[in-house]
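A.B. asks: If you scroll down you'll find the structure; I have some questions about it.
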Amino acid sequence: MPITVTALPCLSDNYTWLLRAPDGRLAICDPGEAGPVIAAVDAAGGTLDLILLTHHHGDHVAGVPDLVARYGSKVMGAKADAHRLPPLDVIVEPGQTVDVLGVPAEVLASDGHTRGHIAFHFPECAILLCGDTLFSLGCGRLLEGTAAEMFDSLQLLAALPAETLVCCGHEYTESNARFAVTVEPGNTALRSRADEVTALRAEGKPTVPTTIGQELATNPFLRAKDVETLARIRTAKDNFR
Ligand code: ZN
Ligand code: FE
């Protein structure tokens, strides 16, 4: 694996993802705050070359100004979201393949949670940075986009190789599991994942990254066969407890 990925917990339940190249160069995705990133970059003894942004929400971008001031990092984000993102040095669009720390990253359209949301897929490293599109056992709320847009976004992710590490923006897995088992009570893979998640959280451990394969077996939102099903369970989740 040419680059490695680590979860940096930040804010109450966000993850910033730290990418490290073999030559020591670092990149991050979605810094909701600067402090945990500074601690990790300084501990790694490196410098922060690049900041990737999936969408404009404050819990994914608020750390950018302090990090750019400290490290002079370049900032990469979507053209369609650029008007509400921090200033971008590299403006990308879905369908493009870009260089991140010397490896190719595919920019994927990920509308649904917001319009202009993107995901980054590293085919050579089996890494997916998907912001608030796909969560373990869940998906992002439809704040701007439609269920049809989210369905298309999830289908794109479902087609990635099963071993792909899913690096999502939040630790929502435990509450997602409580809902998911009501949608698929007979899914034994989901049952055992829910038990695993309970155990991990009881120890204060992250439940992510997950994998595309694991989510295909357990995540009702990724498993939804059509837009209507996705829309129905998304609404049900919004009103769950
Ligand atoms: Zn968001
Ligand atoms: Fe978020």
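A.B. asks: Scan (1) of a type outside the set (Gly, Ala, Ser); (2) surrounded by 22 or more Cβ atoms within 10 Å (Cβ to Cβ); (3) not in a strand (DSSP E or B) for the single condition residue 128 breaks and write down its number.
C.D. replies: Every listed condition holds for residue 128 apart from (3).
A.B. asks: Would a scan of segment 38-49 turn up a residue that is touching a residue at least 24 places away in the same chain (Cβ under 8 Å), within 16 Å of ligand 2 (Cβ to nearest atom) and either among the small types (Gly, Ala, Ser) or buried (at least 24 other Cβ atoms within 10 Å of the Cβ) (or both)?
C.D. replies: No; the residues of segment 38-49 include none that is touching a residue at least 24 places away in the same chain (Cβ under 8 Å), within 16 Å of ligand 2 (Cβ to nearest atom) and either among the small types (Gly, Ala, Ser) or buried (at least 24 other Cβ atoms within 10 Å of the Cβ) (or both).
A.B. asks: Considering segment 137-164 alone, what residues qualify as being under 15 Å from residue 237 (Cα atoms) and within 14 Å of ligand 2 (Cβ to nearest atom)?
C.D. replies: 138, 139, 140, 141, 142, 143
A.B. asks: Taking the condition of being small (Gly, Ala, Ser) and either within 16 Å of ligand 1 (Cβ to nearest atom) or without any contact (Cβ under 8 Å) to a residue 40 or more places away in the chain (or both), how many residues in segment 156-174 meet it?
C.D. replies: 2
A.B. asks: In addition: Only residues that are under 17 Å from residue 120 (Cα atoms) and of a type outside the set (A, V, I, L, M, F, W, C): list them for segment 6-29, please.
C.D. replies: Those that are under 17 Å from residue 120 (Cα atoms) and of a type outside the set (A, V, I, L, M, F, W, C): 6, 15, 16, 20.
A.B. asks: Suppose we keep only residues that are within 22 Å of the chain's Cα centre (by Cα) and among the hydroxyl-bearing types (Ser, Thr, Tyr) within segment 189-241. Which one would you say is surrounded by the fewest Cβ atoms within 10 Å (Cβ to Cβ)?
C.D. replies: 235
A.B. asks: Quick one: which residue in 207, 182 is more than 16 Å from ligand 1 (Cβ to nearest atom) and assigned to a helix (DSSP H, G or I)?
C.D. replies: Details: 207 fails: assigned to a helix (DSSP H, G or I).
The match here is 182.
A.B. asks: For residue 156, indicate whether it is under 24 Å from residue 30 (Cβ atoms) and within 17 Å of the chain's Cα centre (by Cα).
C.D. replies: yes
Read-outs throughout are calculated quantities, based only on the coordinates presented, and are distinct from any laboratory measurement. Here the structure is a predicted model, which means the values were calculated and not measured. Positions of Cβ are backbone-derived with ideal geometry, glycine not excepted, and every protein chain shown enters the neighbour counts.
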